[in-house]
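Inspection log for the structure reproduced underneath, given as structure tokens.
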Amino acid sequence: MSTDVNEMSDKEILSQIIELGFHGDQRCFDLFCDELRRGLPENTGVALRGSVITNERYKDGEPFDADGKNTSDLDVTLIGDEVREYWQEDAYYIPGLHTKPLCDKDPDIAPALEPLRRKLQKMVGRPVAFQATANFILFARDVLMQQPYFMLIEPCGKAE
């Protein structure tokens, strides 16, 4: 699988996401997206980031699930003003704009979202981390830090 997302079409990226993160199961992927739509505020956008997009870990270049089956997490980025309000005030990297990840290590930083995150983890059989951000921060991370993302649900509520 390619690691250069810039050379892949959206269809190829989505295929890689389903293959890596959802064991090639389109139905599981669709259910995952449906649960996100049901469990998040109405106009929340949802993007996937990280090694499920690139098949390469940012920190060390190793492939997705290099440490064994289902060891890599799904980095789910939530986009929108309302969803960022779910995080505790001290759980931001950039106050009001970019949160710390809600994950197994820090399950209490956005307690209202924890049941959804746990449900999704059980569904996909791997760790899931939520982070909330402003749209321009997501874009800046892509362009300035070479951390690509793939939109699953547009902020206006439409699926891509």
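The values are calculated or read from the model by the stated rules, or taken from the named source; none is laboratory data. Model, not experiment: these values are computed from the prediction. Cβ atoms come from the backbone with ideal geometry, glycine included; neighbour counts cover every protein chain shown.
A few points about this structure:
- Residue under evaluation LEU113, criteria (1) in a loop (DSSP other than H, G, I, E, B); (2) at pLDDT 95 or above; (3) out of contact with any Pro (no Cβ under 9 Å at 6 or more places or on another chain), criterion not met: (1)
- Selection of region 38-57 for residues being out of contact with any Gly (no Cβ under 7 Å at 6 or more places or on another chain) and loosely packed, with under 15 Cβ neighbours inside 10 Å yields only ARG38.
- Boolean, ASP73 is over 16 Å from the mean Cα position of the chain (by Cα) and of a type in the set (D, E, K, R): no
- Matching residues, region 116-154, being modelled with pLDDT of 95 or more and of a type in the set (Lys, Arg): ARG117, ARG118, LYS119, LYS122, ARG126
- Looking at ARG57, ARG37, just one residue is under 19 Å from PRO155 (Cα atoms) and among the basic types (Lys, Arg), and that residue is ARG37.
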